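Undergrad: Got a structure for you, questions after.
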Amino acid sequence: MNDRVGAPGTDRTLLVGDVGGTKTVLALYPYKPKADRSSFEKTYASRDHDDLESIIESFLGETGGSAARASFAVAGPVFGSYARVTNLPWEVDGPRIAHRFGFDRTVLINDVEAIARSIPHLSPFDLLTLHPGARDPRGPVAVIAPGTGLGEAYLTWNGESYDAHSSEGGHADFAPTDDLQSELLTFLREEFGHVSVERVGSGPGILNVYRFLRDHRAMEEPTELAKQIAGNDDPIPSIVSAAVDSKCALCEETLRTFVSILGAEAGNLALKLLATEGIYLGGGLPPRILPFLREGRFVAAVHAKGRFEPLLKRIPVHVILNPRAPLLGALQQALRDLAVR
C-alpha cells in the first residue's frame, strides 16, 4: 500500500520508520529542521519479512533514493542502539543497519515514547477530546497506548521544550476497582499467576476479559462469533466489530469492562506523574473503540480516585486519531539528535 506525497527524493534525506509486530511503515523525509511531510511512504506486513533490514532494502530499492540517517520507532524495549520487537523474532541492530546501508547514524526509540514525542507537533485535528479539563501548558504529559501490549510513556518540560521518556508501566499489577474486576483477577491469576494491567488493558486483554465473561460469568456467545474466534489467530477485531455494531451483548460488556480498566490505569498514571498537561490515548486500538470511550465509563474511571478526584477532573483527556504519530515521533527524535550533535 503506497502513500505518495510527491516523487521520491534524491537529495539528502532521513529514513524514518514505525516498526511493529503487525506492520512496518517506512518513509523518507527532507533532511532539514522543519521537515513535516514525507516524500515517499510505504507500509509492509511485518510477518512477511525475516527482519527489518530486508524491508529497508526493498523500500530503498523501490524509491530509488538514498538516506543520510535513519530513525525507527520500535514496538519493544530499546537499549541504546539495539532493540527487540516484542511480538516478532526481530533484533534491530542500529550500528549494523547504519553500516549496511551507509547511514551516518541509526536512531532507535520505543514506539510509545515516539508517540509521546509526537504530541507537541500534533494539530487539534489529530485529537479527539474526551474531557477538556484545565490544561497546564508546561505540565507533565501522560501517554497510554493499548495495542498488542499496553505501552506507557510520558513527557516532562525542561524549561525550553518537552523531553520524552519510556516506561514499562503496563507490566505493573492489575488493581481491580469493583467486584466484577476482582473476579476477573482471580480468574486470570489461576491461568497466569501474576496478572499485570497489560493482561486486561491491551488487545489480548480484550480477549481475556471476553473469555472471563463467557466462561466464568456464563454470558452467551453467538454461534457465528464462536466460529470466527475458533478459526482466527487474531479474534480481537471480530470482538470489537461486534461490540461497536451492537451485535453481541457479550462483546459490548467486554468493551465496557475493558475501557473501565483502561481508564483506571490512565488515572493511576496521571496521578503518578501529576500529568497536568493531559492524558493522551495512543495506538491503533482507541480510534476503533471510540463509541465506548465516549460513553463516559472511561473518563469516570480516570476520575474515580477518591480524595484526588477533583485533581483528576482538572486534567484533559484526549484520543490521538493520527495513525502516523509513531512515525512523526521517530522523525522528531532524528531531528533532535541532529540538533545536539
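Undergrad: Using only the alpha carbons of region 170-320, what is the convex hull's orientation-averaged projected area in square nanometres?
TA: Numbers: hull surface 35.5 nm².
Taking the Cα atoms of region 170-320, their convex hull projects to 8.9 nm² on average.
Undergrad: Write down the Å³ per residue value for the convex hull defined by the alpha carbon atoms of region 64-206.
TA: Dividing the Cα hull volume of region 64-206 by its residues yields 177 Å³.
Undergrad: Same structure, new question: Fewest Cβ neighbours within 10 Å first, please rank THR24, THR63 accordingly.
TA: On the way: THR24 27, THR63 22.
Exposure proxy ranking, most exposed first: THR63, THR24.
Undergrad: Between LEU274 and ASP245, how many nm apart are label points set 7 Å from Cα along the C-beta direction?
TA: Here the modelled spin labels are 4.9 nm apart.
Undergrad: Next up: Using 0.36 nm times the number of residues separating THR22 and PHE125, minus their current alpha carbon distance, what extension gain do you get? Display every interim value, and only then the final one.
TA: Working: separation 103, 0.36 × 103 = 37.08 nm, distance 2.60 nm.
Gain on extension, THR22 to PHE125, equals 34.5 nm.
Undergrad: Quick one: length gained pulling LYS313 to GLU57 fully straight, 0.36 nm per residue minus the C-alpha distance?
TA: Extra length from LYS313 to GLU57 when fully extended: 87.3 nm.
Undergrad: Counting only DSSP beta bridges with both residues in the chain, tell me the antiparallel percent, nearest 5.
TA: 65
Undergrad: Between THR177 and THR156, how many nm apart are label points set 7 Å from Cα along the C-beta direction?
TA: Here the modelled spin labels are 2.6 nm apart.
Undergrad: Extent of the chain along each principal axis, from alpha carbon coordinates, in Å, largest to smallest?
TA: Here the spans come out as 60, 49, 35 Å, largest first.
Undergrad: Here is a further query. For TYR31, enumerate residues with amide H under 5 Å from its amide H, sequence gap 5+ or separate chain, H modeled in the peptide plane.
TA: So TYR31 has HN proximity to LEU14.
Undergrad: Same structure, new question: Are there any GluC sites (Glu not before Pro) in region 187-254 that are in a DSSP loop and have at most 14 other Cβ atoms within 10 Å? List them by number.
TA: GLU220
Undergrad: Additional query: State the extension gain, in nm to one decimal, for the chain segment bounded by ARG288 and ASP234, taking 0.36 nm per residue of separation less the distance between their alpha-carbons.
TA: Value of the extension gain: 17.9 nm.
Computed from the coordinates by the stated procedures, all read-outs in this text should not be read as laboratory data. As the structure is a prediction and not an experimental result, all values here were calculated from the model. Positions of Cβ are backbone-derived with ideal geometry, glycine not excepted, and every protein chain shown enters the neighbour counts.
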